[in-house]
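Attaching a single structure in structure tokens format; questions to follow.
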Amino acid sequence: MSSLSKEELRKRILSKEIFEPMLNKTFSEADINKNGYIEKFELANFLKSIYRAICLPPPADTEIEKELKRLDRNDDNKISKEEFRILVQDLCLFFLDNSF
């Protein structure tokens, strides 16, 4: 089995058809109360788990608040799946671009 180039992986991350199943699973796991939105406490849990996985100290509350404001495009103080897509794609692309 051949490995994919970074450019091919980037295309897959940005492809809705390929990316959607992973996004759905990630969103479902992050949506702790199952109300169809990621609220601030759920975003905090999600980001803290990512930081833990890469051995970084947890993000400060101010960083979580900043991320909520960045993602919350309609200012309803919660993140829809489409708004969450931005975060997950950004994370995937960050790890792709910073892999060894």
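The values are calculated or read from the model by the stated rules, or taken from the named source; none is laboratory data. Remember, it's a predicted structure, so these values are computed and weren't measured experimentally. When we count neighbours, we look across all protein chains shown, and the Cβ atoms used for this are built from the backbone with ideal geometry, even at glycine. Note: areas computed on protein heavy atoms with side chains; ligands, DNA, RNA excluded. Shrake-Rupley method; radii C 1.70, N 1.55, O 1.52, S 1.80 Å.
Given R₀ = 35 Å, FRET efficiency for Arg73-Leu4 by Cβ-Cβ distance, to 0.05?
0.70
Round to a whole number: what % of the accessible area of the chain belongs to carbon and sulfur, probe 1.4 Å?
58 percent
Per residue, how many Å² of accessible area does the chain show with a 1.4 Å probe?
Result: 67 Å² of accessible area for each residue.
Turning to a different aspect of this structure: Below 8 Å between Cα atoms, with a sequence gap of 6+, how large is the relative contact order for the chain in percent?
30 percent
If the chain between Arg52 and Ser15 were fully stretched, how many nm would it gain, using 0.36 nm times the residue separation less the Cα-Cα distance?
10.6 nm
Sorting check: for 71-83, 8-20, which peptide has the highest mean count of neighbouring beta carbons within 10 Å, and how do the rest follow?
71-83, 8-20
Expected output is a single nm value to one decimal: the length gained when fully extending between Glu29 and Phe41, i.e. 0.36 nm times separation in residues minus the C-alpha distance. What is it?
Computed gain between Glu29 and Phe41 is 3.0 nm.
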